[in-house]
Amino acid sequence: MAWIPWHSVVSLETGPICQRTAPCAVADSSKGHPRPYHTAVLTFFKLALSAAFATAIGASSYAQSLEPATADARRASQGVTVINGYSQHWWKEAVVYQIYPRSFQDSNGDGIGDLNGITSRLDYLKNLGVDVIWLSPHFDSPNADNGYDIRDYRKVMTEFGTMGDFDRMLAGIKKRHMRLIIDLVVNHTSDEHKWFEESRKSRTNPYRDYYIWRDGKPNPNAPNGFDPPNNYNSFFSGSAWQWDETTRQFYLHLFAVKQPDLNWENPKVRQEVYSLMRFWLDKGVDGFRMDVIPLISKTPGLPDLTPGQDAVKLWANGPRRDEFLQEMNREVLSKYDDMSVGEAIGIDLPGTHSLVGEDRHELSQIFNFDATRIGSIGGYIYRPLHLPELKAVYTAHATILGKQDWDTSFLGNHDMSRVVSRWGDTSTPELRAMSAKLLQTMVLTLRGTAYLYQGDELGMTNYPWTKISEFNDIEVQNRFKTEVAQGKLTEQQLISGAAAYGRDNARTPMQWDITKNAGFSTGNHTWEPVNPNYLQINAADQVKDPDSIYHYTQKMIALRRSDLAFIYGDYQDLDPKHEQVFLYTRSLGASSYLVILNFSSQPIDYTLPQGIQAKNLKLGNYRDSSDLAGATTLHLRPREARIYKN
Ligand code: TEU
Ligand code: CA
């Protein structure tokens, strides 16, 4: 009798591979109801069976295998199916598509994307194959930071439409068996939020303690006679403290002056947040992407940073952060079939478990920026990509994160330059297309919930920025007003830096077709310029072209959906030192896939490591491959990506 590893026993009844089309006992997505009871019983029987089985095999391995059993037993009692040691959840198997509403689709010709525009494109997303839509902020906002400065959490931004438009959009998403998560921006609000308007009226206003006010340090030479309370600098340049003449105190804003930080020490503030979260969850929203959520617990006494101290790391590891997130989970998240993904700047891998560990009862997952920040020397300056360094990050994720610490897979979002421009070669249309497909292959086969950013499925690129006035992003404009003004940076250095790595690159309008404004808007002006390459790069052409990046992404999502090895399978980098090739496997039980990515724009005759074969080619970004099945040396073309089933 062949020896079957302990954990695979748990998924015996699912046969070697859990088919997404016939998932294990997973909740009926559209209703978001809690999971069915019988799964627990079934899994319990499995455990009992396997326990007996393991006993038969011998004490030692039995003892060793008890440990998972305990964790598994706990999960079984919660009716959770365990696959390869991972508890099964819809949000682990999801492909999430991020929409930046201001730039997705304009439906009323004002040059600004809106909710009715999104609703008109839901079939496009359904056909692409995505499961969850992450909607960047859609709330009422004066747009100092394009919605990440919220004035009213229960009102839709006027430019984006009405609550009726939102409800219709949500209904359209659900009708297509997709889900929606929205952006929870509660480290700070807009300074036009009524809480702050009240708070700044007087030191005794009942909302005063909703924010972080401090006396300044007396300095007769300083404006207003006071220096800021400490030496914190804002993410958007300058001091993180703003003087307020009315009450002659400073308030803290880690981001823009118009984004005052909320005081989470105040239980009223926390209850306000939990209440607005319930408002949207009760509407049927399926969860939250949580903006800079680790920053909510401030350092007691707010002492100055010491020389060389990593400010973001300090701000992200406040003493009551976990207490607050456990309270949020207890009072809100645990009461819905929802997902929560934290934007975890300042959190490193060893610090991840405390936020996402199943026994921590905080968040479902977080975005670690260790991979996407590779090569960063600060600001908009990056070293050229050194592939082994990137590969080492994914190996670290697979080894440091436990089976109860779920991960995320992403390379871009609305705060980064375009994925293919950052990680690929866009010097020719073919190299751009192959690079874009290679990067989609990577994001959709690495461990963790996969995130795509609008336009990645088309291989949209950075925009050819030439002057400061073209950039909309407050981060760029503030750097111009401070660092360029102070001579720390020349205007040209800022322009070329922001042109390559600035956030506006992700925010140019979606390129739908070759009509006016790339089909994004019938208006005479768009809030961000349309990339002139929309005539070559647009959805309409790619939907018609079976060999397009759009269709490749569709096939890649379908392949990922066809086998849970891409979700719960083990990950192993088989050639970590190779400078050009990224070679890794995803294996679950008897099912194993070999992923090969040529990150260089040169052809490579690549000899597979000892004992590794490339058997059945399942998908490749080049139409055909001349290598025979089982080959051990592969003739890889520039930016070639292949997935073999072994
Ligand atoms: O981003 C936080 C964050 O990490 C970014 O500000 C990042 O430091 C910067 O973009 C690097 O270029 C979140 C939101 O994603 C971002 O859009 C908001 O501007 C910010 O928080 C404040 O809400
Ligand atoms: Ca509009």
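The values are calculated or read from the model by the stated rules, or taken from the named source; none is laboratory data. Predicted model, so just to flag it, every value in this text is computed and none were measured. Here the Cβ is made from the backbone with ideal geometry for all residues, glycine too, and neighbour counts use every protein chain on show.
Suppose the filter is acidic (Asp, Glu) and buried (at least 23 other Cβ atoms within 10 Å of the Cβ); does ASP123 pass it? Reasoning before the result, please.
Details: acidic (Asp, Glu): yes; buried (at least 23 other Cβ atoms within 10 Å of the Cβ): no.
No, not satisfied.
(1) away from ligand 1 (no atom under 16 Å from the Cβ); (2) under 16 Å from TYR550 (Cα atoms); (3) crowded, with 23+ Cβ neighbours inside 10 Å: which one isn't true of VAL95, the others all being true?
Checking VAL95 against (1) away from ligand 1 (no atom under 16 Å from the Cβ); (2) under 16 Å from TYR550 (Cα atoms); (3) crowded, with 23+ Cβ neighbours inside 10 Å, the one that fails is (3).
Scan segment 220-264 for residues that are over 14 Å from VAL186 (Cβ atoms), of a type outside the set (Ser, Thr, Tyr) and in a loop (DSSP other than H, G, I, E, B) and report the count.
The qualifying residues number 17.
Considering only segment 77-92, state which residues are surrounded by fewer than 21 Cβ atoms within 10 Å (Cβ to Cβ) and in contact with a Lys or Arg (Cβ under 7 Å, 6 or more places away or on another chain).
Selection gives GLY79, GLY85, SER87.
Considering only segment 570-588, I want to know if a residue exists there that is modelled with pLDDT of 95 or more, of a type in the set (Val, Ile, Thr) and within 16 Å of ligand 2 (Cβ to nearest atom).
Among the residues of segment 570-588, not one is modelled with pLDDT of 95 or more, of a type in the set (Val, Ile, Thr) and within 16 Å of ligand 2 (Cβ to nearest atom), which makes the answer no.
Of all residues in segment 205-243 being of a type in the set (Ser, Thr, Tyr) and out of contact with any Pro (no Cβ under 8 Å at 6 or more places or on another chain), which is surrounded by the most Cβ atoms within 10 Å (Cβ to Cβ)?
Selected residue: TYR210.
When segment 173-204 is examined, which residues are found to be in a strand (DSSP E or B) and within 15 Å of ligand 1 (Cβ to nearest atom)?
Answer for segment 173-204, where residues must be in a strand (DSSP E or B) and within 15 Å of ligand 1 (Cβ to nearest atom): ILE181, ILE182, ASP183, LEU184, HIS188.
Filtering segment 409-436 down to residues that are under 17 Å from PRO464 (Cβ atoms) and within 16 Å of ligand 1 (Cβ to nearest atom), which residue is surrounded by the fewest Cβ atoms within 10 Å (Cβ to Cβ)?
The extreme case among them is ARG422.
So which residues in segment 225-280 are of a type in the set (Ser, Thr, Tyr) and under 20 Å from ASP415 (Cα atoms), if there are any at all?
Once the filter is applied, which keeps residues that are of a type in the set (Ser, Thr, Tyr) and under 20 Å from ASP415 (Cα atoms), segment 225-280 yields SER234, SER237.
Could you list, ordered by first residue, the pairs with Cβ atoms under 8 Å in which the first is in segment 412-430 and assigned by TED's automatic domain parsing to the domain that holds LEU452 and the second is part of a loop (DSSP other than H, G, I, E, B) and within 16 Å of ligand 2 (Cβ to nearest atom), at least 6 apart or interchain?
Qualifying pairs under 8 Å: HIS414/TYR100; HIS414/SER136.
Matching residues to (1) in contact (Cβ under 8 Å) with a residue 40 or more places away in the chain; (2) of a type in the set (A, V, I, L, M); (3) outside the structural domain of VAL96 (by TED's automatic domain parsing):
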| residue | (1), (2), (3) |
| --- | --- |
| LEU170 | yes, yes, no |
| ASP215 | no, no, yes |
| ALA240 | no, yes, yes |
| ARG248 | no, no, yes |
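What about ARG639, is it over 23 Å from SER421 (Cβ atoms), outside the structural domain of ASP131 (by TED's automatic domain parsing) and touching a strand residue (DSSP E or B) at 6+ places or on another chain (Cβ under 9 Å)?
Against the criterion (over 23 Å from SER421 (Cβ atoms), outside the structural domain of ASP131 (by TED's automatic domain parsing) and touching a strand residue (DSSP E or B) at 6+ places or on another chain (Cβ under 9 Å)), ARG639 does not qualify.
May I ask you to list the residues in segment 364-395 that are β-branched (Val, Ile, Thr) and over 20 Å from the mean Cα position of the chain (by Cα)?
ILE377, ILE381
Can you name the residue in segment 148-168 that is in a loop (DSSP other than H, G, I, E, B) and either within 12 Å of ligand 1 (Cβ to nearest atom) or β-branched (Val, Ile, Thr) (or both) and is also surrounded by the fewest Cβ atoms within 10 Å (Cβ to Cβ) among such residues?
The extreme case among them is THR162.
For segment 499-522: of the residues being charged (D, E, K, R) and part of a helix (DSSP H, G or I), which is farthest from THR119 (Cα to Cα)?
Among those that are charged (D, E, K, R) and part of a helix (DSSP H, G or I), it is ASP504.
Only residues in segment 108-119 that are aliphatic (A, V, I, L, M) count as the first member; pair them with residues that are within 6 Å of ligand 2 (Cβ to nearest atom), Cβ under 8 angstrom, at least 6 apart or cross-chain, and list the lot.
That search, which allows pairs on different chains as well, returns ILE112/ASP106.
When you check SER334 against the structure, is it surrounded by fewer than 18 Cβ atoms within 10 Å (Cβ to Cβ) and assigned by TED's automatic domain parsing to the domain that holds TRP134, yes or no? Steps first, please.
On the way: surrounded by fewer than 18 Cβ atoms within 10 Å (Cβ to Cβ): yes; assigned by TED's automatic domain parsing to the domain that holds TRP134: yes.
Considered against the rule, which asks whether it is surrounded by fewer than 18 Cβ atoms within 10 Å (Cβ to Cβ) and assigned by TED's automatic domain parsing to the domain that holds TRP134, SER334 comes out as yes.
Mind listing whichever residues of segment 299-315 are touching a helix residue (DSSP H, G or I) at 6+ places or on another chain (Cβ under 8 Å) and more than 16 Å from ligand 1 (Cβ to nearest atom)?
THR299, LEU305
On the given criteria, is LYS126 charged (D, E, K, R), out of contact with any Cys (no Cβ under 8 Å at 6 or more places or on another chain), over 21 Å from TYR550 (Cα atoms) and more than 16 Å from ligand 1 (Cβ to nearest atom)? Steps first, answer last, please.
Numbers: charged (D, E, K, R): yes; out of contact with any Cys (no Cβ under 8 Å at 6 or more places or on another chain): yes; over 21 Å from TYR550 (Cα atoms): no; more than 16 Å from ligand 1 (Cβ to nearest atom): yes.
Answer is no for this residue.
Checking the condition surrounded by 19 or more Cβ atoms within 10 Å (Cβ to Cβ), more than 16 Å from ligand 1 (Cβ to nearest atom) and not aliphatic (A, V, I, L, M), which residue from GLN486, GLN440, GLN454, GLN492 passes? Full working, then the answer.
Numbers: GLN486 fails: surrounded by 19 or more Cβ atoms within 10 Å (Cβ to Cβ); GLN454 fails: more than 16 Å from ligand 1 (Cβ to nearest atom); GLN492 fails: surrounded by 19 or more Cβ atoms within 10 Å (Cβ to Cβ).
Sole residue among the options that is surrounded by 19 or more Cβ atoms within 10 Å (Cβ to Cβ), more than 16 Å from ligand 1 (Cβ to nearest atom) and not aliphatic (A, V, I, L, M): GLN440.
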